[in-house]
Amino acid sequence: MENFVEKVTLFDEDGKEELFEVITKLDIEEKEYLIVAKEDEEEEAIALRIDKDEKGEEILMVVQDDVEFAMVAEAYEILFCEEEEE
């Protein structure tokens with residue numbers, strides 16, 4: 001993702017648009033991830049992987065694989081633990 005954005009619009013199962021705040025962007029093992037949450041609901045954050053569709057355009061995919069999610073969660077915790085210590 002070339003330009004970092006502060007907010008993204010996602011669609012729920014019913015096709016309803018919801019606005020999410022981008023908490024951080026992580027680069028892990030040559031992949032990019034966004035951690036997003038609804039405003040004022042950081043404890044219910046969602047991990048999204050930035051992929052490319054068949055046209056080469058960036059798309060956001062919810063991280064559903066347990067191993068991949070654990071890797072992203074660990075990187076997030078390390079990043080924010082380091083920031084709190086400073």
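Some points to look at:
- Take every pair of alpha-carbon atoms less than 8 Å apart whose residues are at least six positions apart; their mean separation over the length of the chain yields a relative contact order of 17 percent.
- MRE, 222 nm, helices only [DSSP H, n ≥ 4, -39500 (n - 2.57), over the chain, to nearest 500]: -8000 deg cm²/dmol
- Selection of trypsin sites (Lys or Arg not before Pro), the range 5-49, meeting DSSP coil and at most 11 other Cβ within 10 Å: Lys16
- Here the gap between Leu19 and Phe80, fully extended at 0.36 nm per residue and compared with their Cα-Cα distance, gives a gain of 19.7 nm.
- Of the residues Ile35, Ile78, Ile23, the one with the fewest other Cβ atoms within 10 Å heads the list, and the complete ranking is Ile78, Ile23, Ile35.
- Qualifying lysines (Cα of each under 17 Å from Cα of Lys31; at least 8 residues distant if same chain): Lys52
- Placed amide H near Lys38: partners under 5 Å, 5+ positions off or other chain: Glu21
- Between helix 66-85 and the chain there is an angle of about 50 degrees, using the helix long axis and the longest principal axis of the Cα atoms.
- Placing unit charges on the Cβ atoms only, positive for Lys and Arg and negative for Asp and Glu, gives the chain a dipole magnitude near 420 debye about its Cα centre.
Bear in mind that the values in this text are calculations on the coordinates, not laboratory data. Keep in mind that this is a model prediction, so the values were computed, not measured. Heads up, the Cβs are rebuilt from the backbone with ideal geometry, glycines too, and the neighbour counts pull from every protein chain shown.
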